[in-house]
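Participant: I am attaching a structure below and will ask some questions about it afterwards.
The values are calculated or read from the model by the stated rules, or taken from the named source; none is laboratory data. Only a predicted model underlies this, so the values are computations on that prediction, with no experimental measurement involved. A quick note on method: Cβ atoms are made from the backbone with ideal geometry, for glycine too, and the neighbour counts reach across all protein chains shown.
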Amino acid sequence: MTDPIDEILRRAKGGTRRIERLDLDGRVYWIKRPEKLSLRMRLQKGDPIAAFAAEVAAHKALFDRGMPVAPILASDADFLVTQDCGPTLKALANTQPEKPFHKALASAATALAEIHQAGLAHGRPSLKDICWKDGKIAFLDFERAGREGNVTRAQTMDVLILIFSTAVETGNSEPAMKIARDAYRAAGGNEIWTKAQARARRWSLLQFPLWPIARMLRGNSEFDAIAPFFRFIKD
């Protein structure tokens, strides 16, 4: 009988798709590979192999510290295999009643605070990059880890992205944003929250020059979330 890990490695090494779902012996795994970019996109985004290596290294750093991230089963220069960790919070926001979604959202904010308390950061904890299964949170996709340079700045960005993504995916629900904020602060994130507020206040000045663009893009969920997000963060 073939060892599951042998089959996982065979599929990981032999595939070409960027993201691949693998169903094996009643379990679900996910295989991620480097982007395949045209020359023009390589000039814009840089070397995809180096970017993938940095992403895997960031994921491993959190995994090795016991942080709430998707468990890594195998990795190499051209693939990363993780266990399935359930639906994303973005999916839950659109398919679950408020109470289960709010519970998952509070858990995500608490888990993010745990990462920050360990002196680490995610880089882009939007709801599409956070999974929920059996009452446990798992973060995915560390493509932007380390981009801020300074850990504290990265942590403030994490908080702002979590709140903004919550606004986008819930139709600017203030109760949902409050749940994320309060859970994060209660888990030891009050200092970073204060720094995030200060950063957002500086950014809020950009709303006015962007107003004509926002009018043209009315109906776009991300643009529609900008004003409610800034109102909430500043309070």
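Participant: Considering only the stretch 44-139, give the helices (runs of 4 or more DSSP H) lying wholly within it that have at least 2 residues that are over 16 Å from the mean Cα position of the chain (by Cα) and not assigned by TED's automatic domain parsing to the domain that holds Ile8. Full working, then the answer.
Facilitator: Values: elements: 48-64, 89-95, 98-117.
In the stretch 44-139, 89-95, 98-117 are the helices (runs of 4 or more DSSP H) which contain 2 or more residues that are over 16 Å from the mean Cα position of the chain (by Cα) and not assigned by TED's automatic domain parsing to the domain that holds Ile8.
Participant: Take Gly189 and tell me if it is within 24 Å of Lys103 (Cα to Cα) and either crowded, with 16+ Cβ neighbours inside 10 Å or at pLDDT below 75 (or both). Outline the logic, then answer.
Facilitator: Details: within 24 Å of Lys103 (Cα to Cα): yes; either crowded, with 16+ Cβ neighbours inside 10 Å or at pLDDT below 75 (or both): yes.
When the stated conditions are applied, Gly189 passes them.
Participant: Residue check, Tyr29 against (1) in contact with a Phe, Trp or Tyr (Cβ under 7 Å, 6 or more places away or on another chain); (2) modelled with pLDDT of 95 or more, all met but one. Which one?
Facilitator: (1)
Participant: When you scan the stretch 121-139, do you find a residue that is buried (at least 19 other Cβ atoms within 10 Å of the Cβ), of a type in the set (Gly, Ala, Ser) and more than 22 Å from Tyr29 (Cα to Cα), even just one?
Facilitator: Yes, the stretch 121-139 has at least one match.
Participant: Something else: Can you tell me how many residues in the stretch 140-171 are part of a loop (DSSP other than H, G, I, E, B), more than 19 Å from Phe101 (Cβ to Cβ) and not small (Gly, Ala, Ser)? Quick ask: steps written out before the conclusion?
Facilitator: In the first step, residues of the stretch 140-171 are kept if they are part of a loop (DSSP other than H, G, I, E, B); the result is 140-150, 170-171.
Adding the requirement that they be more than 19 Å from Phe101 (Cβ to Cβ) leaves 141-150.
Those still in the list that are not small (Gly, Ala, Ser) too: 141-144, 147-148, 150.
Matching residues across the stretch 140-171 total 7.
Participant: Determine, yes or no, whether Thr194 is surrounded by 15 or more Cβ atoms within 10 Å (Cβ to Cβ) and assigned to a helix (DSSP H, G or I).
Facilitator: Details: surrounded by 15 or more Cβ atoms within 10 Å (Cβ to Cβ): no; assigned to a helix (DSSP H, G or I): yes.
Here the answer is no, as Thr194 does not meet what is asked.
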